[in-house]
1. Being under 18 Å from the mean Cα position of the chain (by Cα) and part of a strand (DSSP E or B) narrows it down to one residue among B:229, B:205; which is it?
2. Would you please list the contacts, defined by Cβ atoms under 7 Å and residues six or more apart or on different chains, that run from a residue in segment B:208-225 that is over 26 Å from residue B:193 (Cβ atoms) and more than 16 Å from ligand 2 (Cβ to nearest atom) to a residue that is small (Gly, Ala, Ser) and at pLDDT 95 or above?
3. Of all residues in segment B:1-35, count the ones that are part of a loop (DSSP other than H, G, I, E, B), more than 16 Å from the chain's Cα centre (by Cα) and farther than 18 Å from residue B:177 by Cβ.
4. For residues that are closer than 28 Å to residue B:77 by Cβ and open to solvent by less than 10 Å² (accessible area, probe 1.4 Å), scanning just segment A:102-116, find the one that is farthest from the other protein chains (Cβ to nearest Cβ).
5. Can you confirm whether residue B:113 is at the interface with chain A (Cβ under 9 Å from one of its Cβ atoms), in contact with a Phe, Trp or Tyr (Cβ under 6 Å, 6 or more places away or on another chain) and in contact (Cβ under 8 Å) with a residue 24 or more places away in the chain?
6. Of all the helices (runs of 4 or more DSSP H) wholly in segment B:36-151, which have at least 1 residues that are of a type in the set (S, T, N, Q) and more than 29 Å from residue B:234 (Cα to Cα)?
7. Pull up segment B:135-144, narrow it to residues that are away from ligand 1 (no atom under 12 Å from the Cβ) and touching a residue at least 40 places away in the same chain (Cβ under 8 Å), then point me to the one that is most open to solvent (accessible area, probe 1.4 Å).
8. Within segment B:1-11, work out how many residues are more than 8 Å from every other protein chain (Cβ to nearest Cβ) and crowded, with 19+ Cβ neighbours inside 10 Å.
Amino acid sequence: MHEWALADAVIQTAVEVAQRESLKKITSIKMSLGELQEIEREFFDTALNELMKTHGDLFSKTKINIKTIKTRFKCRACGHQWKLSDTEKTLDEETRESIHFIPEVAHVFIRCPKCKSPDFDIVEGRGIGIDSIVGEK
Amino acid sequence: MKDPRLSVIEKRLKNIGKIIAVSGGKGGIGKSVTSSLLSLALSKKGYNVGLLDLDLTSPSDHVVLGIKDVAPTEKEGIIPPTVNGVQFMSVVFYTNENPTPLRGEEVSNAIKEILCITRWNNLDFLIIDMPPGIGDELFDTIELFQGAEFLLLSTSSKIVFETVKKLLLLLQELNVPILGIVENMKHYDNGYIKNMCKKHHAPFLGEIWFDKNFENAVGNINKIMDTQLFKDIDGVAENIV
Ligand SMILES: Nc1ncnc2c1ncn2[C@@H]1O[C@H](COP(=O)(O)OP(=O)(O)OP(=O)(O)O)[C@@H](O)[C@H]1O
Ligand SMILES: [Mg+2]
Ligand SMILES: [Zn+2]
């Protein structure tokens, strides 16, 4: 359950925002999860809820909005663009597990479907990102 | 918005006494051997030690120490396995020794991910095996491992020290703590590195003689601990504790 560590990062970031802006309550956290990292939503949500409870009232009325971003790759060699679903079939369970921990490991196991180059960018949908954190004073 | 991973890295590292980044700028001067054996030597002295192989494209500490058939466990993050008394983390657990082609920015991203999810024991020392070069990983290490002290390796050669010196001057300019310089692969005594240490106000931490028998011991802890190389590194460890 390494989802806990990532949820911890999100909550910690919100706590820092609250301290910096002297917020009494965090009302909203908007964030995105990249498809590539395959975060187990049930674990992640549980971890967020557990972690929020450890900060008194700060998160007592926080609305969390999470959207999942489809992963897009772009080859640096030939310019071809593709989606994770285009190459996914070639990845076994163990490989996906490795990418789940460190998304960059995709470069070990994924190749450009057109020219077979390992030199591609993960354009979007890599991992965890925070879009906004809002609160009240 | 800020990368959320950066908010927890400090917390992940807070139970670590001293972080030592083994570097030198140059490739092939013994960073991996020194990091691996130094962690072993400190552990044998009774300290709690971690070893982090930060050379993501060419990890080699697992080869030096013969670490195989172990993996991190998952618990509120990942907990690196402890092998021969040293808690060991490497990207090799996820790449399975396959080629790992990464551009600089991806290396940085992967380093942040590893630091965000890795949960170390309470450690007296964390030894970081740095990749060669004065680039991405160096800056990431300086920024992400606040307070890390640099141990620089050089050989006795003026040519090699020329690069080590550039790294030394850069670290001094950035006010990064320098633990000192170790002279490795020594096969003659010219006093050059000792003099350079004096000249550049860096502590001289010891010397490691070239050990032609070391290759036979690679991957075997018992054989490693019998080598002259290990004894020399143990001497360096004495100067650190
Ligand atoms: N004192 C020594 N005596 C004998 N062999 C040594 C000594 N120090 C290092 N070596 C050998 O030199 C080679 C390079 O060492 P090592 O891989 O530790 O260097 P490195 O600085 O980590 O290289 P890289 O820059 O590629 O990461 C290895 O084969 C290692 O066993
Ligand atoms: Mg090395
Ligand atoms: Zn291509």
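1. Being under 18 Å from the mean Cα position of the chain (by Cα) and part of a strand (DSSP E or B) holds for just one of B:229, B:205, which is B:205.
2. From residues that are over 26 Å from residue B:193 (Cβ atoms) and more than 16 Å from ligand 2 (Cβ to nearest atom), the pairs are B:220/B:66; B:221/B:66; B:223/B:217.
3. Result for segment B:1-35: 6.
4. First, pick out the residues of segment A:102-116 that are closer than 28 Å to residue B:77 by Cβ: A:102-110.
Now restrict to residues that are open to solvent by less than 10 Å² (accessible area, probe 1.4 Å): A:102-107, A:110.
Numbers: A:102: 5, A:103: 7, A:104: 4, A:105: 5, A:106: 9, A:107: 5, A:110: 11 Å.
Taking the candidates together, the pick is A:110.
5. Values: at the interface with chain A (Cβ under 9 Å from one of its Cβ atoms): yes; in contact with a Phe, Trp or Tyr (Cβ under 6 Å, 6 or more places away or on another chain): no; in contact (Cβ under 8 Å) with a residue 24 or more places away in the chain: yes.
The answer is no for residue B:113.
6. It comes to B:92-95, B:104-117.
7. Checking each candidate, the answer is B:144.
8. Qualifying residue count for the region: 1.
The values are calculated or read from the model by the stated rules, or taken from the named source; none is laboratory data. Since the structure is predicted, the reported quantities are computational estimates derived from the model, not experimental observations. A quick note on method: Cβ atoms are made from the backbone with ideal geometry, for glycine too, and the neighbour counts reach across all protein chains shown. Accessible surface areas use protein heavy atoms only, side chains included; no ligands, DNA or RNA. Shrake-Rupley method; radii C 1.70, N 1.55, O 1.52, S 1.80 Å.
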